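*Asks:* Okay, here's the structure, questions in a sec.
A short reminder: the numbers here are calculations on the coordinates, not readings from a lab. Note that the structure is predicted; figures quoted are calculated from it, not measured. Every residue, glycine among them, receives a Cβ derived from its backbone with ideal geometry; neighbour counts consider all protein chains shown.
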């Protein structure tokens, strides 16, 4: 899953003045992705939210080139109106950091449009999530969250197994050690029986000696490889071609 940000304030690759030329360059970087995850609001730690109207306005630029893209398109949003706009315009997957939206309205959209939804675990919200996150038992708490959501998705909204993808939310209300514990316990999340997405690309828990996101490519690729080897089904990444190469090697090794 390649990351395509339409934001001026993302922690790594935001673009202040997005136009069709810069957008097409971003799309080309995702050539080897199976899915392109398009986001129009930054959800980095301590970020402020924007309105649905602002988010849709940013997305509208992408719609001018959408039909030239062969990959599946995922909408990275937690807002009902934004997700509906994307699905009405040919997007194929919902990627929802809020775990289903207010009163699970985004799960309802997945049911209505017959598309998969990625349900992510987050403690708090982007503005507050990294203020001393704490758990009684990290893995058990996240598993409890997923079990509850899976029951809702299956029993209340009748989603098929193929429509459910889970994401433990690396960096979303997690300490540095929490993130490593999640990757070490991927097998426990896999036991739930649904595909697992891991998004760790260039995040701060990978920082060495205070380096910047621009300097974390090697660390990202190494940790992504561990996550894939441990069983992650989807990798959400800024570095698509390098990750593609890693996937090919890991697949050979596992055979």
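*Asks:* Give me the compactness ratio for the chain, meaning the Cα radius of gyration over 2.2 N^0.38 Å.
*Replies:* 0.95
*Asks:* Please order 38, 240 by the number of other Cβ within 10 Å, starting at the fewest.
*Replies:* Working: 38 26, 240 21.
Lowest count first: 240, 38.
*Asks:* Something else about it: Per 5 Å bin from zero, what fraction in whole % of the C-alpha pairs of the stretch 1-116 is there, up to the bin with the longest pair?
*Replies:* Histogram of Cα-Cα distances, whole percents per bin: 2, 12, 24, 26, 21, 11, 4, 0.
*Asks:* How much length, in nm to one decimal, is gained on full extension between residue 249 and residue 105, taken as 0.36 nm per residue of separation minus their Cα-Cα distance? Let's see the in-between values first.
*Replies:* Values: separation 144, 0.36 × 144 = 51.84 nm, distance 3.97 nm.
Working it through step by step, the gained length comes to 47.9 nm.
*Asks:* Rank by packing, highest mean first: peptides 165-172, 81-88, 216-223, with packing defined as the count of other Cβ atoms within 10 Å averaged across residues.
*Replies:* Packing order, densest peptide first, comes out as 165-172, 81-88, 216-223.
*Asks:* Then there is this: Report the label-to-label distance for residue 162 and residue 46 in nanometres (one decimal), using points 7 Å from each Cα along the Cα→Cβ vector.
*Replies:* Between residue 162 and residue 46, the label points sit 4.5 nm apart.
*Asks:* Follow-up. Ranked by Cβ crowding within 10 angstrom, fewest neighbours first, how are 53, 41, 24 ordered? List each step's numbers first, then the result.
*Replies:* Values: 53 9, 41 26, 24 12.
Ascending Cβ contact count within 10 Å gives the list 53, 24, 41.
*Asks:* Below 8 Å between Cα atoms, with a sequence gap of 6+, how large is the relative contact order for the chain in percent?
*Replies:* The normalised contact order for the chain reaches 18 percent.
*Asks:* Per 5 Å bin, what percent of the C-alpha pairs of the stretch 113-211 does each bin hold, from zero upward?
*Replies:* Whole-percent P(r) values from 0 Å outward: 2, 12, 23, 23, 18, 12, 7, 2, 1, 0.
*Asks:* Hey, with R₀ at 35 Å, roughly what FRET efficiency would residue 218 and residue 72 work out to, going by the Cβ-Cβ distance, to 0.05? If you can, show how the numbers build up before the last one.
*Replies:* Numbers: r = 28 Å, r/R0 = 0.81.
In this case the efficiency is close to 0.80.
*Asks:* Just want the ordering: 27, 247, from fewest to most Cβ atoms lying within 10 Å of their own Cβ.
*Replies:* Taking fewest neighbouring Cβ atoms as first place, the list is 247, 27.
*Asks:* Per residue of the chain, what 222 nm ellipticity follows from adding -39500 (n - 2.57) for every DSSP H run with n ≥ 4, rounded to the nearest 500?
*Replies:* Calculated from helices alone, the mean residue ellipticity at 222 nm is -11000 deg cm²/dmol.
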